[in-house]
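The values are calculated or read from the model by the stated rules, or taken from the named source; none is laboratory data. Remember, predicted model here, so these are calculated numbers, not experimental data. Ideal geometry is used to build each Cβ from the backbone, glycine not excepted, and the neighbour counts take in all protein chains shown.
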Amino acid sequence: MAAAHSMCDSANRLAGHHGSGQPGQCPGGPDEQRVRGTHDLYAQAEAARKQSQALAGQLQATQHKANENWRLIRAAWNRAEEIRVSWLADHSDPDRLRYSAYARLEARLASMPVIEQAKGILMAQYGWPEERAFDALRRASQRENVKVRDLAASVVARAVRSAPARRHTGSR
């Protein structure tokens with residue numbers, strides 16, 4: 001009963017009434033309470049409408065900012081494409097190939113047989129296993145500051161040059 005009384009007192013204070021009813025009852029009866037409830041619904045609807053308008057304004061601002069960001073991204077993309085086209089026009093085919101990932105992959109694939117041949121030559125000459133032959137190529141490459149494929153090509157070329165000389169001395 002005390003909770004109902006305090007609830008009515010709170011409702012009365014919010015509505016502007018000052019406790020002119022019996023304890024435990026809300027003054028004005030059910031009709032006045034219905035009118036007060038309807039008034040509360042209209043106030044809530046008005047607050048929701050204002051919040052909705054504020055959110056719509058925020059949404060429009062966000063959409064405007066997103067459109068501006070997309071415009072900036074497109075402009076940057078177009079500028080990057082212009083720079084790429086200009087760079088391609090200013091550089092020769094070998095330069096373009098050097099920067100092409102596909103060209104680098106092709107060069108690696110082309111150099112693999114030469115490296116394998118050089119490993120085979122070292123394995124045959126020194127009786128080393130494959131890992132030790134490659135490790136020797138790699139260390140010599142680092143020491144001489146030469147690419148492994150270039151060092152391997154020189155090993156193969158030296159072996160090819162010395163092979164005819166061995167054949168002539170071996171056939172006598």
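A compact table of results
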read-out: Pairs, first touching a residue at least 24 places away in the same chain (Cβ under 8 Å) and β-branched (Val, Ile, Thr) in region 121-140, second assigned to a helix (DSSP H, G or I) and surrounded by 14 or more Cβ atoms within 10 Å (Cβ to Cβ), C-beta under 7 Å, six or more apart; value: Ile121/Val155; Ile121/Val156; Ile121/Ala159
read-out: Tally, over region 117-145, of residues that are under 39 Å from the mean Cα position of the chain (by Cα), part of a loop (DSSP other than H, G, I, E, B) and surrounded by 14 or more Cβ atoms within 10 Å (Cβ to Cβ); value: 0
read-out: Hits in region 135-172 - residues which are modelled with pLDDT under 80 and basic (Lys, Arg); value: Arg166, Arg167, Arg172
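Okay, residues lined up against (1) among the charged types (D, E, K, R); (2) under 30 Å from Ser154 (Cβ atoms); (3) at pLDDT 70 or above; (4) touching a Cys at 6+ places or on another chain (Cβ under 8 Å):
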| site | (1), (2), (3), (4) |
| --- | --- |
| Asn12 | no, no, no, yes |
| His18 | no, no, no, no |
| Pro30 | no, no, no, no |
| Gln44 | no, no, yes, no |
| Ala61 | no, no, yes, no |
| Ala66 | no, no, yes, no |
| Asn78 | no, no, yes, no |
| Val85 | no, no, yes, no |
| Ala107 | no, yes, yes, no |
